[in-house]
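First comes the structure, then the notes that go with it.
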Amino acid sequence: MTSLRILFLICSSLTILSCSTIQEAMDPKDTTFGYVEIKNKDGETVHQRKRVIESELTPIENEVVNSNTKAQALQKEKKAPSNNQESISPNVEQKTFMVFDLSGGDGHIHTGIGIAHNALEALEIRGGASLFNSKELYAGLDLSARAKLPMKELTPFVGLGGYGGDSKSCEEKNVDSRLEEHCEKKFLFALYLEAGVRFNNFALFTRKYSIDEADISLPVKYLWGVNIYF
């Protein structure tokens, strides 16, 4: 079970890093700024950016920059505190679980990995990273809550949640003897209501999605899905 949780944590981290906006924020050589919002021929709102990616530094300047970067990295390593003595509360495993989520229907798929926490006996809070396949494949984050009716074997529930993700494509072009990167990004946001039932570590549910893809509201989508808790 521990190895499965580690595997799911790795997959969840990779899914989060698949989100283009998060990648840009974490990459010191990239930025989330510089995008211009326009409408494409399909009426979708897209965000476009052009930037020069060819380095204009001389070899000497590059050497100075790299030396300073290495020195700063060494200083951070020396200052970084040790976390080897952290303890884990024995109650965490009783209330907090890894959860795999998969739902599909109406030409859409929503799947991801997250954490479910039983804040109360009748309330479950969930958050995680997921992929959403619509006209394009989006990577982003989920947040949801479920109200439960605990019973002996089955646990019926209703819930609501939200999703936000992006999709990015880039190409490199030679412009006036310079190498430029041309990128285009789209965003998808979704709200959903759900109802289902859980039995032990499995849950079945149906969801009603309201989806806004690139500022275009799609018809209501109904998806069926399953959860696996670890």
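The values are calculated or read from the model by the stated rules, or taken from the named source; none is laboratory data. Quantities reported herein were computed from a predicted structural model and do not represent experimental measurements. Methodologically, a virtual Cβ is constructed for each residue, glycine included, from the backbone with ideal geometry; neighbour enumeration extends over all protein chains shown.
General observations
- Residue satisfying all of: in the range 20-39; of a type outside the set (Val, Ile, Thr) and in a loop (DSSP other than H, G, I, E, B); farthest from GLU184 (Cα to Cα) among these: PRO28
- Among the residues listed as GLU171, GLU93, GLU124, the single one being modelled with pLDDT under 95 and in contact with a His (Cβ under 9 Å, 6 or more places away or on another chain): GLU171
- The strands (runs of 3 or more DSSP E) found wholly in the range 132-222 and carrying at least 3 residues that are farther than 24 Å from LEU102 by Cβ occupy 154-175, 178-199.
- Any hit, the range 106-118, residues being assigned to a strand (DSSP E or B), charged (D, E, K, R) and either in contact with a Lys or Arg (Cβ under 8 Å, 6 or more places away or on another chain) or buried (at least 21 other Cβ atoms within 10 Å of the Cβ) (or both): no
- Pairs are defined by a Cβ separation below 7 Å, a sequence spacing of at least 6 or placement on different chains, a first member in the range 200-214 that is farther than 26 Å from ASP166 by Cβ and in contact (Cβ under 8 Å) with a residue 40 or more places away in the chain, and a second member that is of a type in the set (S, T, N, Q) and not in a loop (DSSP other than H, G, I, E, B); the pairs so defined are ALA203/ASN227.
- Residue list for the range 192-230, filter: within 28 Å of GLU44 (Cα to Cα) and out of contact with any Leu (no Cβ under 9 Å at 6 or more places or on another chain): ASP215, ILE216, SER217, LEU218, PRO219, VAL220, LYS221, TYR222, LEU223
- Filtered residues of the range 167-211 (kept if over 30 Å from LEU149 (Cα atoms), surrounded by 14 or more Cβ atoms within 10 Å (Cβ to Cβ) and within 20 Å of the chain's Cα centre (by Cα)): SER167, LYS168, CYS183, GLU184, LYS185, LYS186, PHE187, LEU188
- Every condition in (1) in contact with a strand residue (DSSP E or B) (Cβ under 9 Å, 6 or more places away or on another chain); (2) without any contact (Cβ under 8 Å) to a residue 60 or more places away in the chain holds for ASN227 except the one numbered (2).
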